[in-house]
1. Quick one: which residue in PHE125, PHE76, PHE115 is within 16 Å of the chain's Cα centre (by Cα), surrounded by 14 or more Cβ atoms within 10 Å (Cβ to Cβ) and farther than 15 Å from ASP36 by Cα?
2. Out of the stretch 41-56, which residues are out of contact with any strand residue (DSSP E or B) (no Cβ under 9 Å at 6 or more places or on another chain) and crowded, with 24+ Cβ neighbours inside 10 Å?
3. Quick check: is even one residue across the stretch 211-227 at pLDDT 95 or above and over 20 Å from PHE87 (Cα atoms)?
4. Within the stretch 2-11, is even one residue surrounded by fewer than 21 Cβ atoms within 10 Å (Cβ to Cβ), at pLDDT 95 or above, in contact with an Asp or Glu (Cβ under 6 Å, 6 or more places away or on another chain) and not polar (S, T, N, Q)?
5. Report those strands (runs of 3 or more DSSP E) wholly inside the stretch 142-235 carrying at least 1 residues which are surrounded by fewer than 18 Cβ atoms within 10 Å (Cβ to Cβ), without any contact (Cβ under 8 Å) to a residue 12 or more places away in the chain and of a type in the set (D, E, K, R).
6. Contact list please: Cβ distance under 9 Å, first residue in the stretch 1-30 and within 22 Å of VAL206 (Cβ to Cβ) and without any contact (Cβ under 8 Å) to a residue 40 or more places away in the chain, second residue in a strand (DSSP E or B) and among the acidic types (Asp, Glu), pairs at least six apart or on different chains.
7. Counting only residues that are out of contact with any helix residue (DSSP H, G or I) (no Cβ under 6 Å at 6 or more places or on another chain) and part of a loop (DSSP other than H, G, I, E, B), which one in the stretch 1-12 is farthest from TYR187 (Cα to Cα)?
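The values are calculated or read from the model by the stated rules, or taken from the named source; none is laboratory data. Note that the structure is a prediction, hence the values are computed from the model and not measured. With ideal geometry, Cβ positions are generated from the backbone for all residues, glycine too; neighbour counts draw on all protein chains shown.
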Amino acid sequence: MSKIMVVSDIHGNFDAFNEILKENYDYLIFVGDSVDYGPEPGKVVDELMRSCYKCVMGNHDSANAFSIDCRCSEKFHELSVKTREYFRKTLTKSQLNFLGLLPMFQNFEIDGLRFTMVHGSLIDFLYDYVTPDTSDDGLMEKFKKSNSDYVIFGHTHLPVLRKIGKSYYINPGSVGQPRDGDPRASYAIIDTNKNDVKIIRKSYPVENTIKKIMSLALPEGIKIQLSKILENGGI
């Protein structure tokens, strides 16, 4: 039986990612968006290449791999564009290839339990938003092609943990850029022995991440906005 760490939306925040990796776990699964916004996307991608058991592509991963727009929400769009323009040229060919080869969704089994994992939803793999106020019927509609025990998604940076029938629906929240008012890194642990899921929040040295952002050759306003998001857990 296994402990599975579920992470999403790391967004170049290696300090936060590195802190939660101190957790005891057997498998690491990643629900997309390793890059943009944060100051160390290359280190995040390298760690995923080393450690990730199952990964899927997020809209920001796709934007970096294929030089396309990420189609994120308007209030974060400029931040994503400016940081992508800055950092994409620092990513190596192997890192970009890794991002470009990530699958859009994954179905797999661990300990006889079935998992479905996608960044958005099964209606729109990269761009659909499944929010905490999505109804039970809405959740089942967006994932009706799945009959898994665990249905895992990301994209909104907002944690969701709901059980409908036999299935858990899980958004682990954002490791690197939470937007629910709690600035601590957010992730989930699935315990297959207990058939139990917990959303966990963990503090990390956010002041180090902010110092790294402020040292970048980005417009001052962009750096201040990014820093405030990390400090406040959202805009």
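1. On inspection, the qualifying residue turns out to be PHE125.
2. Correct list: PRO41, VAL44, VAL45.
3. No, every residue in the stretch 211-227 fails to be at pLDDT 95 or above and over 20 Å from PHE87 (Cα atoms).
4. Yes, the stretch 2-11 contains at least one residue that is surrounded by fewer than 21 Cβ atoms within 10 Å (Cβ to Cβ), at pLDDT 95 or above, in contact with an Asp or Glu (Cβ under 6 Å, 6 or more places away or on another chain) and not polar (S, T, N, Q).
5. In the stretch 142-235, the matching strands (runs of 3 or more DSSP E) lie at 160-164, 196-202.
6. none
7. MET1
Table: residues versus (1) modelled with pLDDT under 95; (2) touching a helix residue (DSSP H, G or I) at 6+ places or on another chain (Cβ under 8 Å); (3) farther than 18 Å from PHE66 by Cα.
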residue	(1), (2), (3)
VAL81	no, no, no
PHE115	no, no, yes
LEU122	no, yes, yes
THR131	no, no, yes
SER135	no, no, yes
